[in-house]
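A.B. asks: The structure follows.
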Amino acid sequence: MVTPVKCLVWDLDNTLWDGTLLEDDQVDLVDGVLETITTLDQRGILQSISSKNDADLAMARLIELGIADYFVLPKIGWGPKSESVREIAEELRFAPEAVAFVDDRPQERAEVEFNLPGVRCYSDAQVPSLVTLPEFTPTTITTDSRRRRQMYQAGFQRDAERAAFRGPDQDFLRSLEVRLTIGRATEAELGRVEELTVRTTQMNTTGVFYAEETLLAMVADPAHEVLTVTVSDRFGPYGAVGVVVLDRHPEVWHIKLLATSCRVVSLGVGGQILSWLVNEAERAGVHLLADFRPTERNRIMEVTYRFAGFTDDSCECVTPVPAPDTGSNRLHLVPAPQTLSEVITLTAVDLRTPESLDRAS
Ligand SMILES: [Mg+2]
Ligand SMILES: [Zn+2]
């Protein structure tokens with residue numbers, strides 16, 4: 001399988017627009033370039049700029065052309081292009097293999113190829129066909145793909161503000177106005193849920209991969225709950241950041257998976273989801289049973305369960321629950337009311353309402 005491109009870095013003169021900006025300040029976009037940009041953006045592929053140009057003039061022209069917002073972390077100046085492409089990759093935390101570069105000048109492509117092996121380079125002549133190449137064609141496009149650029153831009157603003165913030169972390173957290181939403185997964189979200197079960201290594205209680213078909217069957221089964229967690233704050237969305245897979249029995253709710261993205265660790269989202277689940281179980285009058293399968297990286301999730309009061313104690317409630325897979329531990333809790341964080345606004349589904357009624361309403 002071809003490695004997908006996660007960010008395409010554009011040259012400007014004679015690649016994105018016709019001509020050289022310093023010779024003609026009214027340069028226009030090359031035919032078809034706008035369609036390429038908007039198509040890649042819709043697919044969740046980020047785009048940036050590496051151009052040898054006057055930065056103010058070039059940004060002004062991009063704004064006049066109405067396309068400046070499509071680019072994250074543009075690098076416009078006189079240094080080597082391999083340096084600016086490297087900076088873009090590092091700031092996005094992407095490997096060079098996830099980055100592509102397009103430039104009309106063979107010398108520039110050769111310089112990037114030599115100094116940044118792994119970055120795929122394309123000529124201006126290839127621009128019209130980029131969207132047909134497999135590396136620019138993701139297999140699934142989720143809601144989060146379509147808003148990926150917006151999520152990154154919100155992230156840059158948030159990071160800048162966090163770096164400049166003077167005061168306790170808790171005060172910064174409060175200033176973010178975090179909104180946490182927990183809901184039943186819709187079929188359209190299952191691609192993203194599947195992705196979360198793969199990508200969340202540290203904050204994943206079992207490391208078990210759930211394929212989209214498996215999740216689809218669970219969503220259709222009233223005894224199962226597949227919940228998605230989304231987070232946003234005053235800077236914008238973080239997107240879908242968590243998943244809970246829950247199996248209902250009359251006496252006990254069995255948490256088969258709890259996974260959250262590491263992007264929201266600093267917000268304490270994992271603990272909040274668990275506190276909410278404990279309260280829901282307490283109100284429903286059931287115990288909680290949680291699968292935990294130690295991996296090399298997920299110890300923090302065991303700590304989260306233990307901190308919430310889960311123990312190794314045995315209990316009669318487990319009788320109807322199928323035996324765990326090899327390598328899995330089961331942690332048990334008799335729920336007691338939990339206090340939720342006051343700095344996070346929570347909106348959540350009522351788990352005591354059967355799914356069928358919830359869907360009908
Ligand atoms: Mg050029
Ligand atoms: Zn029990």
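A.B. asks: Listed residues Asp31, Asp25, Asp56; which is over 20 Å from the mean Cα position of the chain (by Cα) and either under 15 Å from Ser129 (Cα atoms) or within 15 Å of ligand 1 (Cβ to nearest atom) (or both)?
C.D. replies: Asp31
A.B. asks: Right, here's the next one. With respect to Ala240, determine if the residue is closer than 28 Å to Arg162 by Cβ and either within 16 Å of ligand 1 (Cβ to nearest atom) or in contact with a Ser or Thr (Cβ under 9 Å, 6 or more places away or on another chain) (or both). Can you show your working first?
C.D. replies: On the way: closer than 28 Å to Arg162 by Cβ: yes; either within 16 Å of ligand 1 (Cβ to nearest atom) or in contact with a Ser or Thr (Cβ under 9 Å, 6 or more places away or on another chain) (or both): yes.
When the stated conditions are applied, Ala240 passes them.
A.B. asks: Could you give me the residue pairs with C-beta distances under 6 Å whose first residue belongs to the stretch 248-270 and is of a type in the set (A, V, I, L, M), whose second residue is within 16 Å of ligand 1 (Cβ to nearest atom) and assigned to a loop (DSSP other than H, G, I, E, B) wherever it lies, and which are 6+ apart or on separate chains?
C.D. replies: Final answer for the pair search is none.
A.B. asks: I need a count of the residues in the stretch 1-19 that are more than 15 Å from ligand 1 (Cβ to nearest atom), of a type outside the set (Val, Ile, Thr) and in a loop (DSSP other than H, G, I, E, B).
C.D. replies: Summing the residues that are more than 15 Å from ligand 1 (Cβ to nearest atom), of a type outside the set (Val, Ile, Thr) and in a loop (DSSP other than H, G, I, E, B) in the stretch 1-19 gives 3.
A.B. asks: Confirm whether Val72 is out of contact with any His (no Cβ under 8 Å at 6 or more places or on another chain) and within 13 Å of ligand 1 (Cβ to nearest atom). Spell out the reasoning first.
C.D. replies: Working: out of contact with any His (no Cβ under 8 Å at 6 or more places or on another chain): yes; within 13 Å of ligand 1 (Cβ to nearest atom): no.
No, not satisfied.
A.B. asks: In the stretch 156-180, which residues are surrounded by 17 or more Cβ atoms within 10 Å (Cβ to Cβ) and closer than 29 Å to Gln47 by Cα?
C.D. replies: Result: Arg158, Leu176, Val178, Leu180.
A.B. asks: In this structure, is Thr3 loosely packed, with under 14 Cβ neighbours inside 10 Å and among the polar types (S, T, N, Q)?
C.D. replies: Against the criterion (loosely packed, with under 14 Cβ neighbours inside 10 Å and among the polar types (S, T, N, Q)), Thr3 qualifies.
A.B. asks: Name the residue that is surrounded by the most Cβ atoms within 10 Å (Cβ to Cβ), counting only residues in the stretch 345-361 that are in a loop (DSSP other than H, G, I, E, B) and at pLDDT 85 or above.
C.D. replies: Among them, the one singled out is Leu351.
A.B. asks: Right, here's the next one. Can you go through Glu296, Glu342, Glu282 and tell me which one is surrounded by fewer than 18 Cβ atoms within 10 Å (Cβ to Cβ), away from ligand 1 (no atom under 16 Å from the Cβ) and not in a loop (DSSP other than H, G, I, E, B)? Walk me through it before giving the result.
C.D. replies: Working: Glu296 fails: not in a loop (DSSP other than H, G, I, E, B); Glu342 fails: not in a loop (DSSP other than H, G, I, E, B).
Only one candidate qualifies: Glu282.
A.B. asks: Being free of Cβ contacts under 8 Å to residues at least 24 places away in the same chain and either within 16 Å of ligand 2 (Cβ to nearest atom) or of a type outside the set (Lys, Arg) (or both) is the requirement here; does Val241 meet it? Steps first, answer last, please.
C.D. replies: Numbers: free of Cβ contacts under 8 Å to residues at least 24 places away in the same chain: no; either within 16 Å of ligand 2 (Cβ to nearest atom) or of a type outside the set (Lys, Arg) (or both): yes.
No; evaluated as a whole, the condition is false for this residue.
The values are calculated or read from the model by the stated rules, or taken from the named source; none is laboratory data. Keep in mind it's a predicted model, so treat the numbers as computed, not measured. Don't worry about glycine lacking a Cβ; one is built from the backbone with ideal geometry, like all the others, and counts go over all protein chains shown.
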